[in-house]
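Here is the structure we will look at.
The values are calculated or read from the model by the stated rules, or taken from the named source; none is laboratory data. Please read these numbers as outputs of a predicted model, since none were measured by experiment. Please note: Cβ atoms are built from the backbone with ideal geometry, for glycine as well, and neighbour counts cover all protein chains shown.
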Amino acid sequence: MKVDNFRLQLGNKEYVPIVIGGMGVNISTTELALAAEKLGGIGHISDAEVCYVCDQLFSSTYVTRKRKKYSYNTGNPDKSTVYFDLEEIAEAQKRYVEHTVSQKSGNGAIFLNCMEKLTMRSSSDTLRTRLSAAMDAGIDGLTLAAGLNLRTLDLIKDHPRFHDVNLGIIISSMRALSIFMKRAVKLQRLPDYIIVEGPLAGGHLGFGPEEWQTYDLKTITAEVTAFLKQEGFDIPVIAAGGIFTGGDAVEFLRSGASAVQVATRFTIAKESGLPFDVKQQYLDADREDIVVNTVSPTGYPMRMLKQSPALKYKIVPNCEALGYLLDNNGACGYIDAYYEALESKEQGRPLSITGQTCLCTAMARYDCWTCGETTWRLKDTTNRLGDGSWQLPTAGDIFRDYQFSEDQRIQKPGIVEKVGS
Ligand SMILES: Cc1cc2nc3c(=O)[nH]c(=O)nc-3n(C[C@H](O)[C@H](O)[C@H](O)COP(=O)(O)O)c2cc1C
């Protein structure tokens, strides 16, 4: 039995039941998402720091202009005057989504991962703008991630595509799901798919650093499937977190999941946005290098490599230029940590900031090496080359391995002796 024996049905369309999860900031690139779409699966792009991402891709100047506009405030711990321009967010979002969906060439779909915890100084306005612009630009689906909020559906309920776009949620517990479903029933807009993300996933987690080991994806997926059945909801469930082989995926598909969402295997794909050297760090990682900590100002635990440069950051908060994590009062945990450290710093001693990092800057610079728990196994998925570096598989190699491999076998890519490839 292999993944290819199954199909995911969403509306009247059928997909290969492999979804590449969203990985911000621009780790799940346009090219990575398109590789899944081309092969009949679903690829996510992420709209985390979309203005910054557009500047990198299209040489626009959103970040420079924002920095200039608020330069008077640099060094001030009070960021309450620093706002995003909603028109610019809409423009950047449309440009990024159009750039991606206009290149579709297969039977799959392109979805957008939208982290609601990116409060962007004015959470409702910026979220409505992001979601609406993505629908305007032709996105096939919206996946509402970290920070899932009951009012999100209300924000977009008047959009002409509210009922036609695929709408999904990521949850890690039954509790979050049952609360969301109550609101969805009231609005007569049920989610089209539910991604159950377990404790082994990358990025932000719905489990605490001390408790994640006590949960497992199989149990939560079974609870969610049973709940949906009992309540009479016919909604596909997509399992995510730690699904490393085609064989792992088949186990979930056989026990009631309609698809799997995977990400860690794709972090080292040629098409992933991580720089070559960072991909090599992921491939070199040992089990003890992978930690769950609370340095993210979102308040959610996050999994990352302990070698991440972000863990040594002492930079001045950069919110005038970025500021994606500013809450509705213009606050962010890193600003507090930075200025507290500055106040208690003794003369002649280096600044010491513990417990928080400037995540906006760290993710933009690929200095926060967030990863799934299975990252240490990536070395089993590819070849060591003559010069000691690891070969980077293509996204197609990895996708097809998930789709066609049986049991716990992993098909490594054919060896290409080319450094930097
Ligand atoms: C490098 C990396 C970055 C991620 N970033 C995000 C993100 O921005 N938003 C999100 O909802 N999930 C994020 N995730 C979670 C994935 O989308 C996915 O659900 C999960 O990692 C799947 O488990 P796996 O990595 O074990 O395959 C990220 C995962 C990784 C590995």
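The condition (being within 22 Å of A249 (Cα to Cα) and either exposed (fewer than 12 other Cβ atoms within 10 Å of the Cβ) or modelled with pLDDT of 95 or more (or both)) is satisfied by just one residue among Q403, Q356, Q391, Q347: Q403.
Please go through the range 184-235 and pick out each residue that is among the small types (G, A, S) and away from the ligand (no atom under 13 Å from the Cβ).
Initially, the range 184-235 is screened for residues among the small types (G, A, S), giving 184, 198, 201-203, 206, 208, 222, 226, 232.
Scanning the range 184-235 gives A184, G208, A222, A226, G232.
State yes or no: is R7 without any contact (Cβ under 8 Å) to a residue 40 or more places away in the chain and in contact with a strand residue (DSSP E or B) (Cβ under 7 Å, 6 or more places away or on another chain)?
On the way: without any contact (Cβ under 8 Å) to a residue 40 or more places away in the chain: yes; in contact with a strand residue (DSSP E or B) (Cβ under 7 Å, 6 or more places away or on another chain): yes.
Yes.
Scanning the range 372-393 for residues being within 16 Å of the ligand (Cβ to nearest atom), over 14 Å from L305 (Cβ atoms) and among the acidic types (D, E) gives a total of 1. Would you check if T143 is within 16 Å of the ligand (Cβ to nearest atom) and not aliphatic (A, V, I, L, M)? Criteria met by T143. Looking across Q281, Q213, one residue alone is touching a residue at least 40 places away in the same chain (Cβ under 8 Å) and either farther than 21 Å from R7 by Cβ or in a loop (DSSP other than H, G, I, E, B) (or both). It is Q281. Every listed requirement among (1) surrounded by fewer than 22 Cβ atoms within 10 Å (Cβ to Cβ); (2) within 16 Å of the ligand (Cβ to nearest atom); (3) at pLDDT 95 or above is met by G299 save one, (3). Can S178 be described as within 16 Å of the ligand (Cβ to nearest atom), surrounded by fewer than 22 Cβ atoms within 10 Å (Cβ to Cβ) and farther than 25 Å from F6 by Cα? For S178, the condition - within 16 Å of the ligand (Cβ to nearest atom), surrounded by fewer than 22 Cβ atoms within 10 Å (Cβ to Cβ) and farther than 25 Å from F6 by Cα - is not met.
State whether the residues of the range 152-170 include one that is within 22 Å of W369 (Cα to Cα) and either away from the ligand (no atom under 15 Å from the Cβ) or crowded, with 23+ Cβ neighbours inside 10 Å (or both). So that I can check it myself, show each step before the final result.
Initially, the range 152-170 is screened for residues within 22 Å of W369 (Cα to Cα), giving 170.
Pick out the ones that are also either away from the ligand (no atom under 15 Å from the Cβ) or crowded, with 23+ Cβ neighbours inside 10 Å (or both) and you get 170.
Yes, there is a match, as at least one residue in the range 152-170 is within 22 Å of W369 (Cα to Cα) and either away from the ligand (no atom under 15 Å from the Cβ) or crowded, with 23+ Cβ neighbours inside 10 Å (or both).
For D158, the test of being assigned to a loop (DSSP other than H, G, I, E, B) and of a type in the set (D, E) is passed.
The residue pairs whose first member lies in the range 309-336 and is closer than 15 Å to D367 by Cα, whose second member is modelled with pLDDT under 95 and crowded, with 19+ Cβ neighbours inside 10 Å, and whose beta carbons are closer than 8 Å, counting only pairs six or more residues apart or on different chains, are Y313/I353; K314/I353.
Taken over the range 44-68, the criterion of being of a type in the set (D, E, K, R) and without any contact (Cβ under 8 Å) to a residue 40 or more places away in the chain is satisfied by D55, R65, K68.
A quick yes/no check of all residues on (1) of a type in the set (F, W, Y); (2) closer than 30 Å to N12 by Cα; (3) buried (at least 18 other Cβ atoms within 10 Å of the Cβ):
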{"site": "G43", "(1), (2), (3)": "no, yes, yes"}
{"site": "E49", "(1), (2), (3)": "no, no, yes"}
{"site": "K66", "(1), (2), (3)": "no, no, yes"}
{"site": "K69", "(1), (2), (3)": "no, no, no"}
{"site": "P77", "(1), (2), (3)": "no, no, no"}
{"site": "V82", "(1), (2), (3)": "no, no, yes"}
{"site": "D85", "(1), (2), (3)": "no, no, no"}
{"site": "S105", "(1), (2), (3)": "no, yes, no"}
{"site": "I110", "(1), (2), (3)": "no, yes, yes"}
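Yes/no per residue for (1) within 20 Å of P199 (Cβ to Cβ); (2) not hydrophobic (A, V, I, L, M, F, W, C):
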| position | (1), (2) |
| --- | --- |
| F252 | yes, no |
| A263 | yes, no |
| T267 | yes, yes |
| E271 | no, yes |
| L283 | no, no |
| E288 | yes, yes |
| A337 | no, no |
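Residue-by-condition table, conditions (1) part of a helix (DSSP H, G or I); (2) within 16 Å of the ligand (Cβ to nearest atom):
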{"residue": "Q9", "(1), (2)": "no, no"}
{"residue": "V19", "(1), (2)": "no, yes"}
{"residue": "N26", "(1), (2)": "no, yes"}
{"residue": "G40", "(1), (2)": "no, no"}
{"residue": "D55", "(1), (2)": "yes, no"}
{"residue": "R65", "(1), (2)": "yes, no"}
{"residue": "Y72", "(1), (2)": "yes, no"}
{"residue": "G75", "(1), (2)": "no, no"}
{"residue": "E88", "(1), (2)": "yes, no"}
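Can you find even one residue in the range 277-284 that is among the β-branched types (V, I, T), within 15 Å of the ligand (Cβ to nearest atom) and closer than 22 Å to D216 by Cβ?
Taking the range 277-284 first, the residues among the β-branched types (V, I, T) are 278.
Applying the additional criterion that residues be within 15 Å of the ligand (Cβ to nearest atom) yields 278.
Applying the additional criterion that residues be closer than 22 Å to D216 by Cβ yields none.
No, the conditions are met nowhere in the range 277-284.
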